[in-house]
Amino acid sequence: MTDNNLLTNIDLHKLGVEFNDKPIIVGGMAMEYYGIRKHGDDIDFIVSDCDYKKLETRYHDCRKDMWGDFGIKINNYEMFRSMWKFGYQYFDSGSMEFEQYKIISIDMLFRMKVFAMDVEEKHKIDVGLMKEYFMQNQVREYVNFMEKNIERYLKYEKGLIVNGDYY
């Protein structure tokens with residue numbers, strides 16, 4: 001994870017809306033928080049439905065509709081009430097809490113990127129980067145054993161060895 005200096009420039013107070021539920025950072029900023037890649041120009045959030053309604057009232061001319069996922073774009077913030085038709089409660093699971101907002105868990109971020117990977121090439125690249133991130137936690141001893149025996153596995157269609165028999 002990156003240091004919290006990355007997050008210090010996020011000031012949701014300037015939106016002039018009192019949130020009932022802390023918005024959840026998703027997308028590129030979350031990717032950067034986990035040290036996977038740099039974020040882009042905007043910061044994406046998931047907000048609860050009641051908070052979306054407050055934002056919609058205040059920023060009526062800033063609404064977005066992405067295949068039924070409603071959002072509000074305010075300066076460099078994009079506040080969505082859902083992504084892939086999953087709402088705030090779904091993405092809140094395992095999130096980390098900060099003063100003004102939360103950050104999506106790495107597992108939920110991965111799920112989100114898997115849903116998006118067929119829509120835009122950058123999401124497919126993100127899934128690959130996240131797989132590399134997760135692979136850092138593989139047990140090195142198991143990886144070394146597999147790598148040492150790769151030729152044996154490749155000789156057999158399924159790469160499966162059971163009690164010394166190859167399949």
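A short reminder: the numbers here are calculations on the coordinates, not readings from a lab. In this text, all values refer to a predicted model and were calculated from it rather than measured experimentally. Reconstructed Cβ throughout: ideal geometry from the backbone, glycine too, with neighbour counts over all protein chains shown.
Between His13, Gly87, Tyr77, the Cα set farthest toward the positive side of the dipole of the chain (charges on each charged residue's Cβ, about the Cα centre) is that of Gly87.
With respect to the chain, whose longest principal axis is taken over its alpha-carbon atoms, helix 121-135 is tilted by about 60°. If you add up the charges near Lys54, with Lys and Arg at +1 and Asp and Glu at -1, over every other residue whose beta carbon is less than 12 angstrom from its beta carbon, what do you get? It works out to a net charge of -2. For region 1-81, GluC sites (Glu not before Pro) are listed when DSSP marks them as loop and at most 11 other Cβ atoms sit within 10 Å of their Cβ; the list is Glu18. Here's how it looks for Tyr77: its modeled amide H is under 5 Å from those of Ile43, which are all 5 or more places away or on a different chain. Less than 5 angstrom separates the built amide H of Lys102 from those of Ile24, Ile25, all sequence-distant by 5 or more or on a different chain. In order along region 101-118, the phi-based Karplus estimate (6.51 cos²θ - 1.76 cosθ + 1.60, θ = phi - 60°) of 3J(HN,Hα) comes to 7, 10, 10, 4, 5, 4, 5, 5, 4, 4, 4, 4, 5, 4, 4, 8, 5, 8 Hz; Gly and Pro are listed as x.
Going from the residue with the fewest nearby Cβ atoms within 10 Å to the one with the most, Cys62, Cys50 rank Cys50, Cys62.
Go through region 81-167 and name the GluC sites (Glu not before Pro) that are in a DSSP coil and have 10 or fewer other Cβ atoms within 10 Å of their Cβ. Please list the in-between numbers first.
Numbers: sites: Glu97, Glu99, Glu120, Glu121, Glu132, Glu141, Glu147, Glu151, Glu157; in loops: Glu99, Glu120, Glu157.
Here the GluC sites (Glu not before Pro) that fit, given the DSSP loop and packing criteria, are Glu99, Glu120, Glu157.
Residues Met79, Met146 in ascending order of nearby Cβ atoms (within 10 Å, fewest first): Met146, Met79.
Check each of the trypsin sites (Lys or Arg not before Pro) in region 4-103 and keep only those in coil by DSSP with at most 16 other C-beta atoms within 10 angstrom; list them in order. In loop regions of region 4-103 (DSSP not H, G, I, E or B), the sparsely surrounded trypsin sites (Lys or Arg not before Pro) are Arg37, Lys38, Lys85. With both labels modelled 7 Å from their Cα along Cα-to-Cβ, the Phe145 to Lys122 distance reads 4.1 nm.
Fewest neighbouring Cβ atoms within 10 Å first, the residues Leu6, Leu154, Leu15, Leu109 line up as Leu154, Leu6, Leu15, Leu109. The radius of gyration of the Cα set in the chain, together with its Dmax, comes out at 20.4, 68 angstrom.
Separation of region 106-127 and region 1-61, taken as the distance between their Cα centroids, equals 18 angstrom. Projected onto planes of every orientation and averaged, the convex hull of the alpha-carbon atoms in region 93-167 covers 8.2 nm².
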